[in-house]
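Visitor: My questions all concern the structure below.
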Amino acid sequence: MLKKIKIGILVWVVIICALGNVFAQSEDKRMDGLINALNRIDSRKYDKIIEKMTKKIEKNPNNAKAYYQRGGAYADKGDFESAIPDYTRAIEIKPNYAVAYCNRGIAYGVRNNDLAISDYSKAIEIDPNYAAAYNCRCMSYNVKGNYEQAISDCSRSIEIDPDFADPYFYRGFAYSKVGEHDKVWNDIHKAQGLGFDVEPQFIEYFKNVSGREK
């Protein structure tokens, strides 16, 4: 798994589990939506990775990368509860494993944003130029309603990697919550231009809160 992190499933997690409150969805409804999304994942390829990494761990119980990659496979198939112990073991073996902290934060973030933020902050402490960690922490701050901090983190992510599409979207969302509607659309258009697929319900949300079509 690359250091920028495979964001696809994370987008679903944030939209359904966290930012779903934009659409006044109940927790049960958001979790049902997440489960439906995860059920569309073809888990077979991840099962093969899990099997391969398990064999590597059996041969070398101190193989931090194998624990990390197995944790990533669990997370990619939606099994966040199994991913967390593997990321934790990878960190125990390799305490400065920034990407393991960041990915464990993603797994925590499905249920506990405080733990997620703690892990993202640790990843940033280890690597102050870790754009994905700032982006992920921005998302968690959005969930907690700390929009100014979300804007700050996504701005830092963009400063580090201007071609990283995701923080433009999440900063745009934060701008929408503080009434900066011109900045909202600038960021949404930039995210789309860099390949971020903005869900239709968010386009409608941005139109409604800004009173503008684009």
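Visitor: Would you point out the residue of segment 135-161, among those that are among the hydroxyl-bearing types (Ser, Thr, Tyr) and more than 18 Å from residue 188 (Cα to Cα), that is surrounded by the fewest Cβ atoms within 10 Å (Cβ to Cβ)?
Guide: That would be 141.
Visitor: Please determine whether any residue of segment 110-129 is surrounded by fewer than 24 Cβ atoms within 10 Å (Cβ to Cβ), aromatic (Phe, Trp, Tyr) and on the phi < 0 side of the Ramachandran plot.
Guide: No, every residue in segment 110-129 fails to be surrounded by fewer than 24 Cβ atoms within 10 Å (Cβ to Cβ), aromatic (Phe, Trp, Tyr) and on the phi < 0 side of the Ramachandran plot.
Visitor: Tell me yes or no: at least one residue of segment 175-197 is of a type in the set (Gly, Ala, Ser), within 22 Å of residue 107 (Cβ to Cβ) and crowded, with 23+ Cβ neighbours inside 10 Å.
Guide: The answer is no; no qualifying residue exists.
Visitor: So in segment 162-174, with the set limited to residues that are not in a helix (DSSP H, G or I) and not aromatic (Phe, Trp, Tyr), which one is surrounded by the fewest Cβ atoms within 10 Å (Cβ to Cβ)?
Guide: My answer is 163.
Visitor: Okay, next question. Counting only residues that are outside any loop (DSSP other than H, G, I, E, B), without any contact (Cβ under 8 Å) to a residue 40 or more places away in the chain and not β-branched (Val, Ile, Thr), how many does segment 61-97 have?
Guide: Residues in segment 61-97 being outside any loop (DSSP other than H, G, I, E, B), without any contact (Cβ under 8 Å) to a residue 40 or more places away in the chain and not β-branched (Val, Ile, Thr): 18 in total.
Visitor: Quick check on my filter: what residues within segment 140-153 are in a helix (DSSP H, G or I) and without any contact (Cβ under 8 Å) to a residue 24 or more places away in the chain?
Guide: 149, 152, 153
Visitor: Select, from 156, 111, 137, the only residue that is part of a loop (DSSP other than H, G, I, E, B) and within 17 Å of the chain's Cα centre (by Cα).
Guide: Among 156, 111, 137, only 111 is part of a loop (DSSP other than H, G, I, E, B) and within 17 Å of the chain's Cα centre (by Cα).
Visitor: Select from segment 119-134 the residues that are in contact (Cβ under 8 Å) with a residue 40 or more places away in the chain and assigned to a helix (DSSP H, G or I) and write down the one among them that is farthest from the chain's Cα centre (by Cα).
Guide: 131
Visitor: Still on this structure, I have one more. Mind counting the residues in segment 58-75 that are of a type in the set (A, V, I, L, M, F, W, C) and surrounded by fewer than 17 Cβ atoms within 10 Å (Cβ to Cβ)?
Guide: So the answer is 0.
Visitor: Turning to a different aspect of this structure: Can you go through 120, 134, 101 and tell me which one is in contact with a Gly (Cβ under 8 Å, 6 or more places away or on another chain) and modelled with pLDDT of 95 or more?
Guide: Matching residue, one of 120, 134, 101: 120.
The values are calculated or read from the model by the stated rules, or taken from the named source; none is laboratory data. Just so we're clear, the structure is a prediction, and the values are computed from it rather than from any experiment. Cβ sites come from the backbone with ideal geometry, for glycine too, and all protein chains shown count toward neighbours.
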